[in-house]
1. Taking the 0 to 90 degree range and rounding to the nearest ten, how far is the long axis of helix 92-103 tilted relative to the main principal axis of the chain, both from C-alpha atoms?
2. As a check on your grasp of the helix formula, calculate [θ] at 222 nm for the chain: sum -39500 (n - 2.57) over DSSP H runs of n ≥ 4, divide by the residue count, round to the nearest 500.
3. Rounded if a/c is under 1.5, else prolate if a/b beats b/c, else oblate: with a ≥ b ≥ c from the C-alpha gyration tensor eigenvalues square-rooted, which is the stretch 124-184?
4. Treat each spin label as a single point 7 Å out from the Cα along the C-beta direction, and report the residue 154 to residue 118 distance in nm.
5. Among 66-79, 137-150, 171-184, 18-31, how do they line up by average Cβ neighbours within 10 Å per residue, starting with the highest?
6. Remind me, what semi-axes does the stretch 20-108 give for its equivalent ellipsoid, largest first in whole Å, using sqrt of 5 times each Cα gyration tensor eigenvalue?
7. Hey, what's the stretch 27-114 come to in accessible area per residue, 1.4 Å probe, Å²?
8. Between [x] 18.4; [y] 17.4; [z] 19.6, which entry matches Kirkwood radius over Cα pairs in Å as derived from the coordinates of this structure?
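The values are calculated or read from the model by the stated rules, or taken from the named source; none is laboratory data. Small disclaimer: the values here were computed from a predicted structure and weren't measured. So basically every Cβ, Gly included, is an ideal-geometry build from the backbone, and we count neighbours across all protein chains shown. These accessible areas exclude ligands, DNA and RNA; they are computed on the full protein's heavy atoms, side chains included. Shrake-Rupley method; radii C 1.70, N 1.55, O 1.52, S 1.80 Å.
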Amino acid sequence: MKAVIFDLDGVICFTDKYHYIAWKKLADKEGIYFDEEINNRLRGVSRMDSLEIILERADKQYTDTEKEAMAAEKNATYVELLKEMSPKDLSDEVKSTLEELRARGYKLAIGSSSKNTKMILGQIGLGDFFDAISDGTNITKSKPDPEVFLKAAEFIGEAPADCLVVEDAKAGIQAAYDGGFKSAGLGEATEHPNVTYKMNGFKDLLEICK
């Protein structure tokens, strides 16, 4: 392997709580039932696709214009919450592992469906760390479509077969598999039948990427 492509949320850092708060605020305003179980279905999914999942519980139909406004409202709340993030949200384990992978000569990239990826990386002190960033600003399909990872591989000039994708969501492992990538899973991603490596913690990458 020559490169490692990381999902952002749940792998490099954790913004789940901010997503949940922002979606819950919107759902409560619209009188739509929303809980953490529904929130878990949104992991790795684009903003508009996430909204469609939430609207499954809605009592009314929304126009495309209304949906765009709702997604923008949620994102505005989320971005405000992200301003609370700092380098303290980057664990020593993740930081030291990334630095060791870089020292070993691996190219490192981000593959995230989030349109706020660059902002989050800046907040946690990794704004200029990665060789390439593929995110919600340059893709049209969210995971489990492999587009975000294929773009990342293209940006760093490596074939999918030479890249390892690190994910915490099953949709991300499916995307990696369909794109021809090896994968390393954390959390629920370890349960996917096509995950290449199962990790107990982030530093396990140092054993995988020798």
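1. 50 degrees
2. Calculated at 222 nm, the ellipticity per residue is -12500 deg cm²/dmol.
3. rounded
4. 1.8 nm
5. So the order, starting with the most tightly packed, is 171-184, 137-150, 18-31, 66-79.
6. 34, 14, 12
7. 56 Å²
8. Answer label, from the structure shown: [y].
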